[in-house]
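J.: Sharing a structure, written as structure tokens. Questions coming.
Read-outs: derived from the displayed coordinates by stated rules, not from any lab. In this text, all values refer to a predicted model and were calculated from it rather than measured experimentally. As a convention, Cβ positions derive from the backbone with ideal geometry for all residues, glycine included, and neighbour counts pool all protein chains shown.
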Amino acid sequence: MNILKHMEAVFLVSLAVAGPVTVAFDAIPEAHAAAARSTVVASAAPDQAIPVVVVSAKRMTDAEKLQSLEEEEARLRAVRMADRSTF
């Protein structure tokens with residue numbers, strides 16, 4: 001509970017630590033990682049096509065939607081009744 005009294009101080013200390021750490025981290029050279037990564041990506045996918053998903057299903061009519069909803073509600077009721085009977 002003592003930490004709740006000093007949350008402002010904890011926040012300020014975390015900012016005081018995070019600020020210099022990010023500056024120091026940005027000063028570290030990247031060792032040409034970006035150049036190596038771009039050549040690998042360029043050579044990996046020269047002639048690959050983008051995958052396309054085609055859905056060829058018939059749409060449900062209003063009556064079928066209503067029937068599906070009723071069946072789902074009946075299943076939910078059965079599950080709820082089964083849960084109640086286990087206690």
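J.: For Glu64, Glu30, what ranking results if the residue with the fewest other Cβ atoms within 10 Å of its Cβ goes first?
T.: Neighbour counts put them in this order, fewest first: Glu30, Glu64.
J.: Could you calculate the contour length gain from Ala57 to Met81, that is, 0.36 nm times the residue separation minus the distance between their Cα atoms, to one decimal place in nm?
T.: Roughly 5.2 nm would be gained on extension.
J.: So, one more: Length gain on complete extension for the stretch Ala49 to Leu69, per 0.36 nm per residue less the alpha carbon to alpha carbon distance?
T.: Separation in residues times 0.36 nm, less the Cα-Cα distance, equals 3.3 nm.
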